[in-house]
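In what follows, a single structure is set out as structure tokens and then discussed.
The values are calculated or read from the model by the stated rules, or taken from the named source; none is laboratory data. Here the structure is a predicted model, which means the values were calculated and not measured. Using ideal geometry, Cβ is built from the backbone for each residue, glycine included, and neighbour counts are taken over all protein chains shown.
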Amino acid sequence: MVAQAIPKPENLMVLANSIQSSAQALTDYWKKNGLQQPSFDANSPKTLFPPGTDPAVIAVQHELLSAAEKLRVLAHGPADYLQIHLLGFLELAAVRYIHYYKIASFVPLPTPEAPPGIDVPTISYEDLAAKASAAGYPVVTADLKRMVRACASSMIFCEPVPGHVAHTASSAQMITSPEMQAMLCVAVEENLPAVEKTLEAIEKFGPDAQEPWQTAYGLAFDTKGQGFYTYLTSQGPERVARFSLAMKAANDNTGYGTKSVADAFDWARLGKAKFVDVGGSRGHNSFAIAKKNPDLTFVVQDLESVIEEANATVVPSLPSDLANRVSFQAYDFLQEDQPVQDADVYFFSMILHNWPDKYAAKILKKTVDAMKPGAQIFILDSMVPEPGRIPLGQEKVLRCLDLAMKNLQNARERDAQDWEGLFAQADPRLKLDKVYTLPGSVLSLTCLSLEA
Ligand SMILES: C[S@@+](CC[C@H](N)C(=O)[O-])C[C@H]1O[C@@H](n2cnc3c(N)ncnc32)[C@H](O)[C@@H]1O
């Protein structure tokens, strides 16, 4: 029997005191730095902490979230909590409705300069239904009311005047943030249909299926032998662009974001180095590192459709310094040999967790075959800790993404042992040099080299 860590006593008062002290520390931090405190107001800033915030402050936020969640569970009591948790699934029907019929876009936003809570613009359910109907959606007042009110029970929309809807901070994001819009689309239109097929896929393809198409997603969309990415690409540039934008939203998220990648390692130490960002999407990680490290040059590689989209939308607006140092290249890491053989760094951010071992090993092997002496591989991905070792909210993100990986591609979030097994399978000469933690993120940066 494996020894278990003894959990700290956590009762209502212990948790409430912890919440009190974390909330006070954060409030002091926001006041001292002249930042807005969190509120439900539609004009609230999108995130609570500016880039570069001290990780110790983010850690306090996580303590607050963990304690608040545990307090909520205890305050419900076991049976009541389980029931509330299960009822939460039903809310997805309302989120789906709001999304498909673009309800958030018909609710007025306050002007950006409007003071919080004063003259909040509202719309009656009747007028809201009329606007949505005029746009061609089958929306009637009775349905609309129940859907909006279900969301409002999670602080997404509110009803400041009975019968009249207004935006909250979170519902406003559905309008003001293109990234969050894309994230909502991916959640509702890609992930949700797959979730319903998880068991069916296990029964049909077996619990150890290793092909990226033998999945819940494959069944939900009848992908005809194509994995998630190949299928998505076959569906045209809009769907690919939407997914890339949603990835940017994930990247902006403090818990699962890669945006602190520039600070995770002393990249300047590499000198005048060439950096290949494999599966780099629209190049956001390369840009973040490039801005702070003028000696580095970058090749961002991705599927042809993604690169075409990046060339059309990202490249034309790049400042000349970045345009001169960051180029884009179409490269399929499963089908082709790595074309860049003089690089110093091959960087994989959020790539290998998308692939079952069989394919992740193949991707790494193609990299090893291209590496010049002294070149390194950097992997930015999760290294899943034992349960209960990270804050509850962060653990929830990792565990849910692990499920998403299984549903989309038969892939997974790996722990230290999984990674070791993968490296050995790809090439026994691969040597793990160091694992760096990313400030404020659940991700790790793993550095590998090739033993002579
Ligand atoms: C989860 S996203 C990660 C994007 C980016 N590296 C990041 O950290 O945000 C996975 C990326 O892998 C790309 N991809 C999927 N299959 C690929 C393939 N066969 N060859 C090259 N890129 C691929 C996708 O287009 C997507 O941009």
Problem set entry | Subset of segment 111-137 [within 18 Å of E159 (Cα to Cα), among the hydroxyl-bearing types (S, T, Y) and in a loop (DSSP other than H, G, I, E, B)] | T122
Problem set entry | In segment 218-235, the residues that are more than 14 Å from the ligand (Cβ to nearest atom) and aromatic (F, W, Y) | F221
For this session: Might you check whether a residue that is touching a strand residue (DSSP E or B) at 6+ places or on another chain (Cβ under 9 Å), aromatic (F, W, Y) and modelled with pLDDT of 95 or more occurs anywhere in segment 132-148?
Result: no
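Would you call K366 within 16 Å of the ligand (Cβ to nearest atom) and charged (D, E, K, R)? Give the derivation first.
Values: within 16 Å of the ligand (Cβ to nearest atom): yes; charged (D, E, K, R): yes.
Taking the combined requirement at face value, the residue satisfies it.
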Seminar exercise, completed: Selection over segment 187-224 where residues are crowded, with 20+ Cβ neighbours inside 10 Å and within 14 Å of H99 (Cβ to Cβ) yields a count of 1
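Looking only at segment 9-64, count how many residues are of a type in the set (A, V, I, L, M, F, W, C) and in contact with a Lys or Arg (Cβ under 7 Å, 6 or more places away or on another chain).
Count: 1.
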For this session: Kindly provide the set of residues from segment 255-283 that are near the ligand (Cβ under 9 Å from one of its atoms) and modelled with pLDDT of 85 or more, ordered by number.
Result: V261, D277, V278, G279, G280, S281, R282, G283
Seminar exercise, completed: Of the conditions (1) more than 11 Å from the ligand (Cβ to nearest atom); (2) in contact with a Ser or Thr (Cβ under 6 Å, 6 or more places away or on another chain), the single one that P193 does not satisfy is (2)
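Restricting the search to segment 307-317, which residues are within 13 Å of the ligand (Cβ to nearest atom) and either of a type outside the set (D, E, K, R) or more than 19 Å from Y231 (Cα to Cα) (or both)?
If the condition is that a residue be within 13 Å of the ligand (Cβ to nearest atom) and either of a type outside the set (D, E, K, R) or more than 19 Å from Y231 (Cα to Cα) (or both), then I307, A310, V314 are the ones that fit.
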Problem set entry | Selection within segment 284-293 - near the ligand (Cβ under 10 Å from one of its atoms) and either surrounded by fewer than 24 Cβ atoms within 10 Å (Cβ to Cβ) or of a type in the set (A, V, I, L, M) (or both) | H284, N285
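Pick from segment 294-306 the residues that are aliphatic (A, V, I, L, M) and crowded, with 23+ Cβ neighbours inside 10 Å: which of them is nearest to the ligand (Cβ to nearest atom)? Step through it out loud before you land on a result.
Taking segment 294-306 and keeping what is aliphatic (A, V, I, L, M), we get 296, 299-300, 303, 306.
Remaining after also requiring crowded, with 23+ Cβ neighbours inside 10 Å: 300, 306.
Values: V300: 9, V306: 5 Å.
So the residue we want is V306.
Yes/no per residue for (1) more than 10 Å from the ligand (Cβ to nearest atom); (2) within 19 Å of F243 (Cβ to Cβ); (3) over 22 Å from the mean Cα position of the chain (by Cα); (4) assigned by TED's automatic domain parsing to the domain that holds F228:
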residue: F328; (1), (2), (3), (4): yes, yes, yes, no
residue: N354; (1), (2), (3), (4): no, yes, no, no
residue: K358; (1), (2), (3), (4): yes, no, yes, no
residue: S382; (1), (2), (3), (4): yes, no, no, no
residue: L398; (1), (2), (3), (4): yes, no, no, no
Problem set entry | Failed item, numbered, when D277 is tested on (1) closer than 17 Å to F347 by Cα; (2) without any contact (Cβ under 8 Å) to a residue 40 or more places away in the chain | (2)
Seminar exercise, completed: All-but-one check, Q341 against (1) in contact with a helix residue (DSSP H, G or I) (Cβ under 7 Å, 6 or more places away or on another chain); (2) under 30 Å from K224 (Cβ atoms), failing number (2)
Seminar exercise, completed: Checked pairs for segment 159-175, first on the phi > 0 side of the Ramachandran plot, second surrounded by 15 or more Cβ atoms within 10 Å (Cβ to Cβ) and among the hydroxyl-bearing types (S, T, Y), C-beta under 7 Å and 6 or more apart or across chains, list as G163/Y125
Problem set entry | Flag for R389 being free of Cβ contacts under 8 Å to residues at least 40 places away in the same chain, surrounded by fewer than 20 Cβ atoms within 10 Å (Cβ to Cβ) and in contact with a Pro (Cβ under 9 Å, 6 or more places away or on another chain) | no
Problem set entry | Pairs with Cβ under 7 Å, 6+ apart, first in segment 29-41 and outside the structural domain of P121 (by TED's automatic domain parsing) and farther than 18 Å from A169 by Cα, second surrounded by 14 or more Cβ atoms within 10 Å (Cβ to Cβ) and not charged (D, E, K, R) | Y29/V57
Exercise. Can you name the helices (runs of 4 or more DSSP H) wholly within segment 1-108 that have at least 2 residues being of a type in the set (A, V, I, L, M, F, W, C), farther than 24 Å from A182 by Cα and touching a Pro at 6+ places or on another chain (Cβ under 8 Å)?
Worked result: 55-76
For this session: Report yes if some residue within segment 244-254 is away from the ligand (no atom under 16 Å from the Cβ) and under 24 Å from L303 (Cβ atoms); otherwise report no.
Result: no
Problem set entry | Conditions (1) more than 30 Å from L12 (Cβ to Cβ); (2) crowded, with 17+ Cβ neighbours inside 10 Å; (3) among the charged types (D, E, K, R): number failed by K70 | (1)
